[in-house]
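The values are calculated or read from the model by the stated rules, or taken from the named source; none is laboratory data. Predicted model only: the values in this text are computed from it and were never measured. For neighbour counting, all protein chains shown are included, and Cβ atoms are generated from backbone atoms with ideal geometry for every residue, glycine included. In case anyone asks, the SASA skips ligands and DNA or RNA and just uses the protein heavy atoms, side chains included. Shrake-Rupley method; radii C 1.70, N 1.55, O 1.52, S 1.80 Å.
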Amino acid sequence: EIMKKYFLMVATVIISASAYAYDVSGDSFKAKFVIDSVNVGKYESTFNFSSDDTGQYGKVYLSYTLKSNRNITTSGTWTGHGRGINSDGVLARGDLMGVWTMDGTKIHIKSLDSVSDGINYVEATIDLLKGEMESEVFKVE
């Protein structure tokens, strides 16, 4: 009986903690990108994006290569690179990586990015019909 109560208490604590594990908060900025081009392969697609105003990074160019999970065609992993230059001439560079899922005509992106000024967490949605991506960028401390 004591072990059963202990197990239930531990399970409740773990489930409660994991429920808050994906809550993203803190300072962030939003950015909107245009899809400039798409290169399609058998199991991957590369999207090239640009944005005129992306927070402290200024004008930004991104390239995301999405690879499909061969067993689940509506999700996978991706890698990419980014470059930005602001009005002060400061160049930012980034190595980008994460996971994606697809829901209808939209691709949802989650990533942890290593950039010139630290690490960012990004949530984004690519709208394939509109030809754009909306993102929110959070600084990871």
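Need pairs with beta-carbon distance below 6 Å; first residue without any contact (Cβ under 8 Å) to a residue 40 or more places away in the chain and within the range 97-117, second outside any strand (DSSP E or B) and surrounded by 14 or more Cβ atoms within 10 Å (Cβ to Cβ); sequence gap 6+ or separate chains.
From the range 97-117, the pairs are T105/L128.
Every residue in the range 50-74 that is part of a strand (DSSP E or B), modelled with pLDDT under 95 and not aliphatic (A, V, I, L, M), please.
S68, N69, T73, T74
With the requirement that a residue be open to solvent by 40 Å² or more (accessible area, probe 1.4 Å) and among the acidic types (D, E), what does the range 98-129 give you?
Correct list: D103, D117, E123.
Which condition number does K42 fail, the rest of (1) part of a loop (DSSP other than H, G, I, E, B); (2) within 17 Å of V137 (Cα to Cα); (3) among the basic types (K, R) being met?
(2)
Working only within the range 9-43, note down all residues that are among the aromatic types (F, W, Y) and either open to solvent by 60 Å² or more (accessible area, probe 1.4 Å) or modelled with pLDDT under 95 (or both).
Y20, Y22, F29, Y43
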